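Please read the structure below before turning to the comments.
None of the figures in this text is laboratory data; all of them are computed from the coordinates on show. Just so it is clear, the structure is predicted and the values come from calculations on it, not from any experiment. Don't worry about glycine lacking a Cβ; one is built from the backbone with ideal geometry, like all the others, and counts go over all protein chains shown.
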Amino acid sequence: MCTGPSSGHWGLIVELNGKTALVTGAAQGIGAAIARRFAAAGARVFIADLEKQAAPGRALAEALGKAAFVPLDVTSEESWIAALAMVEDAGGLDILVNNAGINIREPIEVMRAENFDAMLAVNVKGPFLGCKHAIPALRRRGGGSIINMSSVCGLVGHRYTTEAYTVTKGALTLLTKTIAVRYAGDNIRCNSLHPSTVDTPLIQELFKDPARKAERLGEVPLGRLAAAEDVAAAALFLASPAAAFINGVALPVDGGTTAD
Ligand SMILES: NC(=O)c1ccc[n+]([C@@H]2O[C@H](COP(=O)([O-])OP(=O)(O)OC[C@H]3O[C@@H](n4cnc5c(N)ncnc54)[C@H](O)[C@@H]3O)[C@@H](O)[C@H]2O)c1
């Protein structure tokens, strides 16, 4: 008979009481959904985003209660040091979600080199610096959880996605696994999430064209777009004690897309 942690106390361990999380790019979209989910599970949440996002970031923090906005440009090492110092002053870090990301939708043949650099800076250098500075902070707390926001495009090639995006999201998949292996001894778990297309205002614009809508939905065996809340629920699981033995995993949140 299975007597693992799921046999009886499941409801108790998918919670984050007493934990502190920093979520990047959390003023809107998937990051905001994660911040809301973590706060509802009992965590104190630092909503980290660019200074220009301070208004929605502060409004979200106010709505959540045990939360604060922290200005952070993930491409800047100084900015990471300052943001994590703020978290340290508040008692220390248990969970880092490297969620901030950008997509400049230029195919390889026309993409300007400076745009490729900009995508690498936010999508790869950002999480790299975040992990670099979060690892010592997590170690001071006796361990913790890092979640890197990749994409289905970090697992397989995708005909509607640009090469630059897949380069950045693929890099996150293996950054995650290397950290998972190297820092397991410090009780630091590192996993990546791989959503398929999420229902956002941008995609609803694209869906005004019925052919494109059919094309995109046709890729997903479950027949719908991901909701930001689907991704947030997976992030909560990976952050929580329920995932205590889950380390180095690349978890699709894609309705079966990459299984097809
Ligand atoms: N939306 C999708 O369909 C989808 C699918 C798979 C993966 N993802 C990934 O999920 C993550 C979030 O996507 P989203 O759709 O919520 O995006 P979004 O554009 O709605 O939000 C991204 C947030 O990141 C912030 N950000 C951008 N550059 C930053 C920087 N340098 N420093 C700090 N913050 C910065 C923005 O200000 C914004 O608040 C991204 O990594 C994205 O690649 C999205």
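Results, tabulated for the structure shown:
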{"item": "Sorted by Cβ density within 10 Å, fewest first, the residues CYS153, CYS190", "result": "CYS153, CYS190"}
{"item": "Mean Cα-pair separation over length for the chain, i.e. relative contact order, pairs under 8 Å, 6 or more apart, %", "result": "20 percent"}
{"item": "Percent RCO, i.e. relative contact order, over the stretch 19-137, from Cα pairs under 8 Å lying at least 6 residues apart", "result": "28 percent"}
{"item": "Net length gained if the chain between ILE104 and THR178 were fully extended (0.36 nm per residue, minus Cα distance)", "result": "23.9 nm"}
{"item": "Relative exposure of ILE135, ILE13, ILE147, judged by other C-beta atoms within 10 Å (fewest first)", "result": "ILE13, ILE135, ILE147"}
{"item": "Packing-based exposure ordering (other Cβ within 10 Å, fewest first) of ARG159, ARG189, ARG44, ARG216", "result": "ARG159, ARG216, ARG44, ARG189"}
{"item": "Qualifying lysines (Cα of each under 27 Å from Cα of LYS125; at least 8 residues distant if same chain)", "result": "LYS19, LYS52, LYS169, LYS177"}
{"item": "Under the span-like rule (Cα at least 24 Å along the axis, Kyte-Doolittle mean at least -1.0), DSSP H helices of the chain", "result": "163-182"}
{"item": "Sequence ranges 165-171, 80-86, 201-207, ranked by mean other-Cβ count within 10 angstrom, highest first", "result": "165-171, 80-86, 201-207"}
{"item": "Helix-derived mean residue ellipticity, 222 nm - over the chain, DSSP H n ≥ 4, -39500 (n - 2.57), to 500", "result": "-12500 deg cm²/dmol"}
{"item": "Alpha carbon centroid spacing (whole Å) that separates the stretch 222-260 from the stretch 64-107", "result": "21 Å"}
{"item": "Rg over Rh, two decimals, the chain (C-alpha only, Kirkwood Rh)", "result": "0.96"}
